[in-house]
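Read-outs throughout are calculated quantities, based only on the coordinates presented, and are distinct from any laboratory measurement. Please read these numbers as outputs of a predicted model, since none were measured by experiment. Please note: Cβ atoms are built from the backbone with ideal geometry, for glycine as well, and neighbour counts cover all protein chains shown.
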Amino acid sequence: MSASRIRTVLEMIKIEHSVFALPFALVGALLAARSAGAWPSWSQLAWIIVAMVGARSAAMTMNRIADIEYDRRNPRTKNRALATGELSLGFAWGFTIAAAAVLVLAAWRLNRLALELSPVALAVLFLYSYTKRFTSWSHFVLGFCLGMSPAAAWIAIRGSLDARMLILCAAVTLWVGGFDVLYACQDVEFDKTAGLYSIPKKFGIAGALMIARVMHLGVVALLAWLAWSFHLAWPAWAGIVVVAALLAYEHSLVKPDDLSKMNAAFFAVNGYISLLFLLFWGAATLVAHP
């Protein structure tokens, strides 16, 4: 495969957006290791990363396959590789199957429960691609696709699931779902003509921005609950303050009559949120119980 083709594939799956979910998975792994009283092995961390990349690559490619006709009609997406024919559908299907196989392989290398749940994870990831055809709440399904990652990482380390991880799953679901609501504001007019569903289409842009704010307030509340439930030290609480400040800044960039700064809000701010969350909460796992 040529370098230009590799670049095209990486652009199709938005490989740089892996920064959104991977830090939360790593926090899940660190919390699991802290609970067990032992650090995860390098092998475990490596296979968790491989599983995350495989799952996300399969999901993103499936989304492009499912939406190919919409992408061709939408001025914002008409230049995507599948829409233009730069990559073929056959290639995309092959890539999806290969990426899904990578996830299953990584799950097998981690433990039996991870392997048994890998088809369930793939089913949820693939389902999202079709939800916008029948529900305005597809943003929550997308959020849950990433929200599964910390619970999956806990299972990868411990071979079981602690109910407290559902709090972090809910927080990530609301975080991702909230910024997807913001991003969907760009496609309101297209969604109307294409017969697709979204929160911005249902409630208008102003209403959607308010819903996203409420979702992100929920993120802060859930993170506080999680830090309390694990008895985490001050770095976790400092991290919550940083996340809250960045979410507030993100919402200040987007207004009902001005979506021109959407890319800054979506890509830059959310990337900082996930990385700083990993930094602060990773540090919290190193500090003794307060």
**Study point:** Cα pair distances of segment 100-187 binned at 5 Å [whole percent]
**Key:** 3, 15, 21, 22, 18, 12, 7, 3, 0
**Study point:** Lys255 long-range amide H proximity, modeled H, under 5 Å
**Key:** none
Check your understanding: What FRET efficiency, computed as 1/(1 + (r/R0)^6) with R0 = 41 Å and r the Cβ-Cβ distance, is obtained for Asp257 and Leu105, rounded to the nearest 0.05?
Key -> 0.25
Review point. So, in nm, how far is label Val242 from label Asn79 when the simple model puts each one 7 Å beyond its Cα toward the Cβ?
Key: 3.4
Check your understanding: Add -39500 (n - 2.57) for each DSSP H run of 4 or more in the chain, then divide by its residues: what number comes out at 222 nm, to the nearest 500 deg cm²/dmol?
Key -> -25500 deg cm²/dmol
**Study point:** Pairwise centroid distance, computed over Cα atoms, of segment 92-124 with segment 248-288, Å
**Key:** 29
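Would you please classify the overall shape of segment 16-286 from the alpha carbon gyration tensor, given that a ≥ b ≥ c denote the square roots of the eigenvalues, rounded means a/c under 1.5, and beyond that prolate means a/b larger than b/c while oblate covers the rest? Each step should come with its number before you reach the end.
Values: a/c = 2.14, a/b = 1.22, b/c = 1.75.
Oblate, since a/c reaches 1.5 and b/c is not below a/b.
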Review point. For Ile6 and Trp234, what does the FRET efficiency come to when R0 = 41 Å and r is the distance between their Cβ atoms, rounded to the nearest 0.05?
Key: 0.40
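For segment 19-87, which trypsin sites (Lys or Arg not before Pro) are both in a DSSP coil and crowded by at most 13 other Cβ atoms within 10 Å? Walk me through the numbers on the way to the answer.
Details: sites: Arg34, Arg56, Arg64, Arg72, Arg73, Arg76, Lys78, Arg80; in loops: Arg76, Lys78, Arg80.
Answer by residue number: Arg76, Lys78.
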Revision key, fill the gap. The exposure ranking of His231, His216, His251, fewest beta-carbon neighbours within 10 Å first, is His231, His251, His216
Practice item. Using +1 at the Cβ of each Lys and Arg and -1 at the Cβ of each Asp and Glu in the chain, identify which of Leu31, Ala46, Trp93 lies farthest towards the dipole's positive end. Key: Trp93
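Under the rule a/c < 1.5 gives rounded, and otherwise a/b versus b/c splits prolate from oblate, where does segment 46-135 land using the Cα gyration tensor?
Values: a/c = 3.04, a/b = 1.91, b/c = 1.59.
Prolate, since a/c reaches 1.5 and a/b exceeds b/c.
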